[in-house]
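Contents: one structure, followed by commentary.
Derivation of every value follows stated rules applied to the coordinates shown; laboratory data play no part. What you see is a predicted model; the values in this text were computed from it and never measured. Cβ atoms come from the backbone with ideal geometry, glycine included; neighbour counts cover every protein chain shown.
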Amino acid sequence: MTSSMRMMDILRKSLANDRFEHLVFVYGTLKKTQPNHPVLLEGKNGQAKFVCKGQTLNRWPMVIASQYNIPYLLNKSETGHKIQGEIYAVDAEMLKFLDEFEGHPTYYTRRQTPVSTVEHGTIEPWIYFLNEYKPEMLTLPMYADYDSYGQHGLRYVERCDRQGHNANYGHTEKSQFFIDSFSEQTNCMDDI
């Protein structure tokens, strides 16, 4: 058993009494102070508990794309930066909700990826990656730490504020379908 697996096992056991079975690394709009963070706090979506901050061991390209300024972590290792984010322990219900929220497995793909933490060493939480994207996305500015309100000036457009069903999202047809169908289900973050 590797030290990473031992740390994951210890962390899971310490959270077991609280029903938290999974660890998820969030890097974009789900982080604290970001527009979609409230979905992690809504009890009707399942349970989530902040564990610690972390940074991916590998470099990844995180870009802001589409007319809605969505942060995407592109599945192309060793390109871009080590990504800063937050790790949450979640129960099975919250993981299911996040899978639906992120469109896993048709839009984003969730996979366990090594993340370095001060508190728990290296662990392997779930991370959502965009597998299918236009090559031009790799020419966009890449970020290590996402903030919707950052100096880049590309503020995330919340689902309740989006207009139209045929917008150019900048990645794939499959993701176009997912965003349209999810937007129809959720009118605003306050309703989630």
query: If you stretched the chain out fully between Ala144 and Asn58, how much longer would it get, using 0.36 nm times the residue separation minus the C-alpha to C-alpha distance?
result: 29.8 nm
task: Using only Cα atoms, locate the centre of the range 81-128 and the centre of the range 132-146, then give the distance between them in Å, rounded to an integer.
output: 19 Å
statement: The long-range amide H neighbours of Ile83, using H built 1.01 Å from N in the peptide plane and a cut-off of under 5 Å, are Thr56, Trp60
- prompt: Mind checking the log10 I(q)/I(0) for the range 16-166 at q = 0.11, 0.13 Å⁻¹? Debye, one equal scatterer per Cα, no solvent, two decimals.
  reply: -0.40, -0.57
- line: Cα gyration tensor of the range 87-168 diagonalised, 5x eigenvalues square-rooted, in angstrom largest first, produces semi-axes 25, 19, 15
- request: Using the Karplus curve 6.51 cos²θ - 1.76 cosθ + 1.60 with θ = phi - 60°, work out ³J(HN,Hα) for each residue of the range 75-92 in order, rounded to whole Hz, and write x for Gly and Pro.
  value: 7, 8, 4, 6, 10, x, 10, 6, 8, 8, x, 10, 10, 10, 8, 10, 7, 4
Residues listed by number, the range 71-108, amide nitrogen under 16 Å from His152 label point at 7 Å toward C-beta: 71-76, 79-86
field: Whole-Hz ³J(HN,Hα) from phi, Karplus 6.51 cos²θ - 1.76 cosθ + 1.60, for the range 141-156, glycine and proline x
entry: x, 10, 10, 9, 9, 7, 8, 4, 9, x, 5, 5, x, 9, 5, 4
query: Contour minus end-to-end for Gln163 and Glu21, with contour as 0.36 nm per residue of separation and end-to-end as the Cα-Cα distance?
result: 47.4 nm
- line: The FRET efficiency for Gln67 and Lys96, from their Cβ-Cβ distance with R0 = 25 Å and rounded to 0.05, is 0.30
